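Asks: Can you read through this structure? Questions will come right after.
The values are calculated or read from the model by the stated rules, or taken from the named source; none is laboratory data. Note that the structure is a prediction, hence the values are computed from the model and not measured. Heads up, the Cβs are rebuilt from the backbone with ideal geometry, glycines too, and the neighbour counts pull from every protein chain shown. Heads up: the accessible areas ignore ligands, DNA and RNA and are worked out on the full protein's heavy atoms, side chains in. Shrake-Rupley method; radii C 1.70, N 1.55, O 1.52, S 1.80 Å.
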Amino acid sequence: MKKLSFIALLLLMVVGMTSCEGLFGGDENKIDESLIVGKWKTADGTYFEVYNSDGTGKYWNLNDDVTEEEASNFTWEFSILSNDRFIQYHENFSGSLVPQYCNILELTSTTFKYNNEGLRATYNLIRAN
């Protein structure tokens with residue numbers, strides 16, 4: 001009887017997750033992942049990030065007298081748990097990859113806003129031409 005109750009509970013959870021958008025929400029939480037690809041900048045045009053479709057990227061800050069040719073590289077990927085999260089992997093001085101977990105707050109064709117949990121920073125970027 002306990003086994004049957006457990007199976008019934010499992011079935012209810014599966015139906016709940018598939019029928020009423022379950023625990024993970026519905027389409028309103030969907031991010032069009034393809035929109036992240038491209039060149040982004042701050043409104044004042046001093047900080048830049050580039051996300052390539054192959055999972056590579058780079059960033060630079062003109063305020064630090066760093067140009068695009070001198071940019072720091074990173075790799076990136078969307079989280080397998082939720083497409084409103086992504087991870088940037090930065091190489092440290094010893095050559096190890098350091099993950100930076102980021103939450104997408106807004107991603108459209110012209111705006112990209114996210115927070116970086118490790119740095120406790122929020123980035124407000126616009127599409128660069």
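Asks: How much length, in nm to one decimal, is gained on full extension between Asp54 and Asn92, taken as 0.36 nm per residue of separation minus their Cα-Cα distance?
Replies: Residue separation times 0.36 nm, minus the Cα-Cα distance, leaves 11.6 nm.
Asks: Grab the beta carbon distance between Asp65 and Asn103, set R0 = 30 Å, and tell me the FRET efficiency rounded to 0.05.
Replies: 0.50
Asks: Now for a separate question. How long is the gain from Glu117 to Asp32 if the chain were fully straight, where each residue apart is worth 0.36 nm and the alpha carbon distance is subtracted?
Replies: 28.5 nm
Asks: How do 33-39, 105-111 rank on mean C-beta neighbours within 10 Å, highest first?
Replies: My ranking of the peptides, most packed first, is 33-39, 105-111.
Asks: Please compute the net charge surrounding His90, taking Lys and Arg as +1 and Asp and Glu as -1 over other residues with Cβ under 14 Å from its Cβ.
Replies: With Lys, Arg at +1 and Asp, Glu at -1, the neighbours total -3.
Asks: What ranking do 71-78, 113-120, 92-99 get when scored by the average of other Cβ atoms within 10 Å per residue, highest first?
Replies: Answer by packing, highest mean first, reads 71-78, 113-120, 92-99.
Asks: Roughly how many percent of the accessible protein surface of segment 35-94 is carbon and sulfur, given a 1.4 Å probe and a whole-percent answer?
Replies: 49
Asks: Could I have the simple spin-label model distance between Asp44 and Arg85, label points 7 Å from Cα toward Cβ, reported in nm to one decimal?
Replies: That separation, rounded to one decimal, is 3.2 nm.
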